[in-house]
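Working notes, structure below.
The values are calculated or read from the model by the stated rules, or taken from the named source; none is laboratory data. Everything numeric here is computed off the predicted structure, so don't read it as measured data.
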Amino acid sequence: MEAKRRYIERNPKKRAAHIAVGNAIRDGKLSKQPCEICGECDVVAHHDNYNLKLSVRWLCDHHHKAHHSEHGEGLNA
C-alpha cells in the first residue's frame with residue numbers, strides 16, 4: 001500500500017486519468033475494446049496524452065509494455 005500511495009502522490013495527473021477511465025467504464029460512457037494490435041480481449045487503457053483523460057487506446061499488457069519501451073511516457077504525465 002505504501003508504494004501505491006507514493007505512486008499516487010508522484011503522479012496526480014495519471015491517477016486522475018485512470019479514475020476518469022474507470023468511472024466512464026462503470027457508467028457505460030466508455031467500453032473496453034480488443035487490443036488494437038493483436039485483438040486480445042484482456043486490455044488496459046493507454047493514454048498518449050494524460051490531459052485527454054478519456055482519449056485512450058486499448059492495448060494488451062504485452063503491447064502496452066512494448067509501446068512504453070519504444071515511446072516512453074505519454075504526454076503531460
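Key figures
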item: In the range 53-77, residue nearest to Ala24 (Cα to Cα) [restricted to those that are assigned to a loop (DSSP other than H, G, I, E, B) and at pLDDT 95 or above]; result: Leu54
item: Counted residues, the range 5-49 - those being in a loop (DSSP other than H, G, I, E, B), closer than 14 Å to Leu59 by Cα and of a type outside the set (D, E, K, R); result: 8
